[in-house]
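Each reported figure results from applying straightforward, stated rules to the coordinates on display, with no laboratory input. Predicted model, so just to flag it, every value in this text is computed and none were measured. Glycine also receives a Cβ, built like all others from the backbone with ideal geometry; neighbour counts cover every protein chain displayed.
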2 protein chains.
Amino acid sequence: MIRHPAFTVEPWAVRERHLDLRVLAQTESVFTLSNGHIGLRGNLDEGEPNGEPGTYLNGFYEGRPLPYAEAGYGYPESGQTVVNVTNGKVIRLLVGDEPFDLRYGTLHRHERVLDLRAGTLTRTAHWSSPTGAPVRIRSTRLVSFTHRAVAAILYEVEAVDRPLRVAVQSELIANETQTYAGGDPRAGAPLQAPLVAEENVPSSEGTAIMVHRTRTSGLRVAAGMCHEIDGPDGTLVEAQGTDDVSRVTVATRLTPGQTLRLVKFFSYGWSAQRSRAALHDQVAGALASARLDGWDGLYADQRRFLDDFWQGADVEVEGDPEVQQAVRFGLFHLLQSAARLEERAIPAKGLTGSGYDGHAFWDTEIFVLPVLTYTHPTAVADALSWRRTTIPLARARARQLGLHGAAFPWRTIHGEECSGYWPAGAAAFHINADIAHAVIQYVDASQDMSFERQTGLPLLVETARLWCALGHHDAAGRYRIDGVTGPDEYTAVVDDNAYTNLMAQRNLRAAAEAAARHPEQAKRLQVTAEETRRWCDAAEAMSVPYDERLGVHQQCEGFTEHALWDFAATGAGQYPLLLHFPYFDLYRKQVVKQADLVLAMHLRGDAFTADQKSRNFAYYEALTVRDSSLSACTQAVIAAEVGHLELAYRYLGEAALMDLEDLEKNTVDGVHMASLAGAWIALVAGFGGMRAGHGRLCFAPSLPADITRLAFRLRYRGSLLSVVATREATSYRLLHGPPLALTHHGEQIHLDRTEITRLNPQRPAPEQEIHQPPGREPARRHQPPATAAAE
Amino acid sequence: MIRHPAFTVEPWAVRERHLDLRVLAQTESVFTLSNGHIGLRGNLDEGEPNGEPGTYLNGFYEGRPLPYAEAGYGYPESGQTVVNVTNGKVIRLLVGDEPFDLRYGTLHRHERVLDLRAGTLTRTAHWSSPTGAPVRIRSTRLVSFTHRAVAAILYEVEAVDRPLRVAVQSELIANETQTYAGGDPRAGAPLQAPLVAEENVPSSEGTAIMVHRTRTSGLRVAAGMCHEIDGPDGTLVEAQGTDDVSRVTVATRLTPGQTLRLVKFFSYGWSAQRSRAALHDQVAGALASARLDGWDGLYADQRRFLDDFWQGADVEVEGDPEVQQAVRFGLFHLLQSAARLEERAIPAKGLTGSGYDGHAFWDTEIFVLPVLTYTHPTAVADALSWRRTTIPLARARARQLGLHGAAFPWRTIHGEECSGYWPAGAAAFHINADIAHAVIQYVDASQDMSFERQTGLPLLVETARLWCALGHHDAAGRYRIDGVTGPDEYTAVVDDNAYTNLMAQRNLRAAAEAAARHPEQAKRLQVTAEETRRWCDAAEAMSVPYDERLGVHQQCEGFTEHALWDFAATGAGQYPLLLHFPYFDLYRKQVVKQADLVLAMHLRGDAFTADQKSRNFAYYEALTVRDSSLSACTQAVIAAEVGHLELAYRYLGEAALMDLEDLEKNTVDGVHMASLAGAWIALVAGFGGMRAGHGRLCFAPSLPADITRLAFRLRYRGSLLSVVATREATSYRLLHGPPLALTHHGEQIHLDRTEITRLNPQRPAPEQEIHQPPGREPARRHQPPATAAAE
């Protein structure tokens, strides 16, 4: 059941064999190239048709007023929206006197391939113009992992069976027209012509540099391009420019079989502070540096970079070629979102679309960073350093809210709170414990004490201070955190959300421990013994609500006493519920948008007994509708832990195929970075049973029927580990680095250079019957042959 | 401590002895004349200076989009804002060649008097123009209680010591310029030029009629004026008009002592359906009818109407002249807001200002109608009939929210929900029980069975259906109503709000009883025996949360377990809290904006023991900051009931003087109709101990030290009752109508033509110590001499 009509299943590529304009926008997200600094949606070279044109620079945004029908104290007044900056991807083509446009003429063949090892998007087209002149076009695009500010396109046009006059127009276009359907609050709000021209200097040698700035946020962006042109004698090159367009035109005559070859290098620079001239020069320098390496150099470096990555990150899945492809596709996009962050955020959609206005959420710390921690850890330090740089804004926000410490924003680009609906925004204080969680995991895995001292400790301390301000000891001495919103957005502004409290508990303890490890730095942060004692007291007394009658934990105080959602009366077309029911009704009933208590059981598994996990999972499964993409992978992890392997397998499929099959019908807005991470999480933490902490990696491999072999590699404390699990047994091998302390299904293993193999225990069938709300069961997939196109 | 510098204390008038432009906007609200259909703010005749120009027609509004930073299902997309319609009050004056403007020249004397028995606003001014020409001006304004569509002004100009050339310009002005300071969410959002001209036909006989319509709501308004002019020979009259201005100019020469006398009649008509021509004629007819009675006739009828009213409604307070004045001022404004409603709403500000956009809230049913029920009952039938006409809209809203029955709007002009923040709007479902409460009280007091059948029953049935859809029986069988907001707006979206549940309980029972009384009508509403049984079951099992540890009721489930608000750290300048703290922090702590559980103890006193009332009152007093004007009177009632008479007396003062002393600094936006009603409630229900229901009036008079005698009159079941209480005893006298069943401090009395006097029992000092949040104690007033102006 491949829903995209033309993606084929291959282990190392996403290949589209023919073009379907109806899903063009979705493919643009899937085919995005990015290095974490620049993001280029997979728009066609010629610019049109497009679903949503997209060229993004991490951190580059425009401000916009946030309106309220009824204002309230502390509501953010200014939002931030990612800007579609100057488009450098555009290469238009005139064949004879007709533009190459797929909506006209005859398309004989069209293929696009995202190569996960080469890091390129290649497109080949065989097209005849309306007057019948055939042409072959091949373009290969890359966003360099090794030149942070550079992208490049190799563009080739070949005359087929007759002489052809062709003109290639390579452009930089600012303020592209945006289309917007509207209506879905999860999509972004598009900006119209957000860029004000400051400079446009085309040169006759095929080089152009444009500088623009935004009206409100006052950010400046420079874009530049240069070209290497290889065409027949007599090829003409000329350059033109207006405020918003730079155009280098290459016109030539091709004989049959002859090819015009153009390499376009383009580069970006942006700054809130640097001058027009400085940015101009920055871009010119990056272009010169790219030309020095040339196309072949960039291309070779790209592959080398990815070879290194896959060497330490690859996951092999035997028995399910779709998931095999999907998990690599997901890891590739994760890497793309994070490789060259350099103290910027990882947005929920990476740089693949304008969904959620380009904002970063807790997705980063809870879903994306945990994968990168074990596969590409330098990116984690980068992402958390960005959070560190925003502490002054988060402290100011906390003060505005009458709190202490730092209150990190629920959604933001630059660091200010941009959430316009506080019950599902500002009240979701768990973001602070989520950041702490990412810090704790990264420090455990990297043992990077310099990071902990400079970045981790301030983050842990300021978030611990927030929990001290947010909670209170009640008359019975329990530590309560009232009036906050947990991960489940169908339940808001509640007391003692179990996830929040358990994550805050770990946050408080970790802050005290880190302060003890770095006493001087802690002193500089004004941490006192009295304060750390308060943190430990609060953690010790933390309230976690439990329903004795039902024998299950309550997602929050009183949750299990609410009316059950009337699932029987809810039609299939009424999901996602948030688009068809008011918040007031969702909030007051037992219905769960996404894993909340179940996520707590994953991240704070130590706080639950095995029996509690089973009972809780069964209870919340019956209430969870998965109207969020941040759910299936967590349900997979706990389903696997409590023994429901086939159910876990179905959740794995849903997480992994979210974007390749457009399961939520909004891949058009960008890929779901957290769900892509979720494929890895479901495989490694789910079927691999991987948990980590306190210097130890724990595994409990257990495979579902359809997966015959699962192999993955992890980086931990300077070592590279290979784990290979079959149904029967698991082998652990240290590829390099110092020995590791592991457990295999609870058995402790000291792993040095010897490969160790252990049998996987037979697990009894689980006791609890599991069911989901009617119609919300995860789909059971049919396995197509490995390379077949779907119906 | 009279804070307005120039209002004097008189029993039957509000007199301003000199003008202070700094409080001009406040006096405009206080001096508003209205009959419930037309409202004229007390703007100066000459139009400028003004605080806020205001001419309102009940129900006449313009639509405006309600914006949201993040949209949600079911959010109202269109708001409604009261329109400042064509201003007919304007009479400008040219003295010599200089305009009469109080900001220039010399004002020798200026006095305005709102006469509570005459129903007029009289103004006298003695002014010299900048060139020194003195003039005496006297105007008397009325909005007729007997001609619903008519207002009139008697305007006189007298030359003092020298001959004068004067020109009087009597105008109709549409689209007046509005000023707006902004920032306070409780103020209204002003509209700029909301009226589109359709017709303006001035005539040379001093008559003009203008027709306009709104752009969005599509309502049409006609305004007309005509004049009777009495001046010296040679007086010139001419008329002019543009789209938005009609002007009748009267120019004359006055000798010293000579007076130009002008009577201006003006009239309004509006409709969503009637044509331009029909509205034109409607206004012309009203003007003709007014001229038929003439100024003297209108003036005499006005006094007769008020004599009738005071005959059945007056309250005498001996020992406190300020409260004496204030309670009559309040009753006068209540009458003004409701006398000629004719199936329109009573807005929170009446027709005295644009505060809250001119919307009606629960204020009407819980504070205003209970007073009118016993003083001017026909208005209550009118106001509830308006609710009845909006049932189709309320049913549609309920369906939109996934509910059954009717969900009446939290705030509206026309009937659609206009609340832009659902936790303090749509979630405040108690509005539905509040409407039912008003129905129950009115039917009990009027025994108007035709009203009950036609209006009361549908309202009770549709609201009972809502409670059945909103609540559920939990595992223990209790009936819970989760996720709603009670009266206290510093606590929102909670489970089992005690007030809501107790009011819903009464609503459900009353619906079942009324259906039994009117079986045919009930059948037409599809009420079945099965349905009424469900209503009774829900009522019977209604959950009312109680904290066993503290021995007090919980305002809502879990309320008493929340952290206490840190009052010690809250500065005097940080009230009202909603302007200085985020909702999230207010909601999750024990801090109460306004009487909530205490209001339940007033309206559902039968559900609490005397001991519970004492303990609950003490507990919630310590948490209640009174950031709402809908609180002091209720606190007065319960303080009196539990024996804290001096505290009750202070709350009485706060409720009664809300607008005369501008206690909340927003009388500029209009008077607080509910607080004005609160003066009566605090006196009659508080010190009189009056409760009513099931055909019986109960009294328990008990006066505070400063009130030596309290006398009031009530209408009940066709009888007019006089109650006169002193510290020692209470006399009950039937002024007309059938005998009444009363209780006096629990003793049953059958009252017929004989006056009955009973001693008031000595009550023991209350046990509970009471304290309020620091700095939020109700003020202790100093008693100024009866007629002195304050410092």
For this session: Report the label-to-label distance for B:Glu318 and A:Leu21 in nanometres (one decimal), using points 7 Å from each Cα along the Cα→Cβ vector.
Result: 9.2 nm
For this session: Measure nothing fancy, just the Cα-based angle from helix B:645-656's long axis to the longest principal axis of chain B, in degrees from 0 to 90, nearest 10.
Result: 40 degrees
Problem set entry | Dipole magnitude (debye, nearest 20) for chain A, charges at Cβ of Lys, Arg, Asp, Glu | 1100 debye
For this session: Look at the axis of the rotation that sends chain B onto chain A, then give the chain B residue with the nearest Cβ and the distance in whole Å.
Result: B:Pro67, 2
Seminar exercise, completed: A student applying the Cα gyration tensor rule (rounded when a/c is under 1.5; otherwise prolate if a/b is larger than b/c, oblate if not) would label the range B:36-128 prolate
For this session: Calculate the length of the line joining the C-alpha centroid of the range A:10-84 to that of the range A:264-308, in whole Å.
Result: 22 Å
Problem set entry | Taking all pairs of distinct alpha-carbon atoms in the range A:693-764, Kirkwood radius in angstrom | 12.5 Å
Seminar exercise, completed: Nearest 10, in degrees from 0 to 90: the angle of helix A:377-389 to the longest Cα principal axis of chain A is 80 degrees
Exercise. With each label point set 7 Å from Cα along the Cα-Cβ vector, what nm distance links B:Arg261 and B:Ser731?
Worked result: 4.4 nm
For this session: Just rank B:His518, A:His744, B:His404, B:His430, fewest to most, by other beta-carbon atoms within 10 angstrom.
Result: B:His404, B:His518, A:His744, B:His430
Problem set entry | Cα centre as origin, Lys/Arg/Asp/Glu Cβ charges: the range B:314-687 dipole, Debye | 1120 debye
Exercise. Quick one: Cα centre-to-centre distance for the range B:678-713 and the range A:734-755, in angstrom?
Worked result: 84 Å
Problem set entry | Net charge contributed by nearby residues that have their C-beta within less than 14 Å of B:Leu279 (K/R +1, D/E -1) | +1
For this session: Please state the charge dipole magnitude for the range A:646-715, taken about the Cα centre, from unit charges on C-beta atoms (+1 on K and R, -1 on D and E), reported in debye and rounded to the nearest 20.
Result: 620 debye
Seminar exercise, completed: Under 18 Å by backbone N from the virtual spin label 7 Å along Cα-to-Cβ at B:Val160, the residues of the range B:83-113 are B:93-112
Exercise. Measuring from a point 7 Å out along Cα→Cβ, what nm distances, shortest first, does B:Lys665 have to its partners in the other copies?
Worked result: 5.1
Problem set entry | Charge context of A:His37, other residues only, Cβ under 14 angstrom, K/R +1, D/E -1 | 0
For this session: For A:Thr131, go 7 angstrom from Cα along the Cα-to-Cβ vector, then report the distances to that same point in the other copies in nm, smallest first.
Result: 8.6
Seminar exercise, completed: Expected unfolding gain across B:Ala529-B:Thr177 under the 0.36 nm per residue rule, minus the alpha-carbon gap, is 120.9 nm
Problem set entry | Likely footprinting exposure, B:Lys589, A:Lys264, fewest C-beta neighbours within 10 Å first | B:Lys589, A:Lys264
Exercise. Hey, how much of the P(r) for the range B:128-170 falls beyond 14 Å, as a percent of Cα pairs?
Worked result: 59 percent
Problem set entry | Mean ellipticity per residue at 222 nm, deg cm²/dmol - from DSSP H runs of n ≥ 4 across chain A, formula -39500 (n - 2.57) | -8500 deg cm²/dmol
Problem set entry | Shortest-first nm distances, A:Leu759 label point to equivalent points in other copies (7 Å, Cα→Cβ) | 9.7
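State the Kirkwood hydrodynamic radius of chain B in Å, one decimal place, computed from all pairs of distinct Cα atoms.
27.3 Å
Quick check on the range B:350-474: take the gyration tensor over C-alpha atoms, sort the square-rooted eigenvalues as a ≥ b ≥ c, and tell me if it's rounded (a/c under 1.5), prolate or oblate.
Oblate, since a/c reaches 1.5 and b/c is not below a/b.
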For this session: Considering only lysines 8 or more places apart in sequence, or on different chains, count the pairs in chain A whose C-alpha atoms sit under 24 Å apart.
Result: 7
For this session: Counting residues in the protein assembly as shown as N, plug N into 2.2 N^0.38 Å and put the Cα Rg over that result.
Result: 1.06
For this session: Calculate how steeply helix A:529-540 sits against the longest principal axis of the alpha-carbon atoms of chain A, using the helix alpha-carbon long axis, and give the answer as 0 to 90 degrees to the nearest 10.
Result: 80 degrees
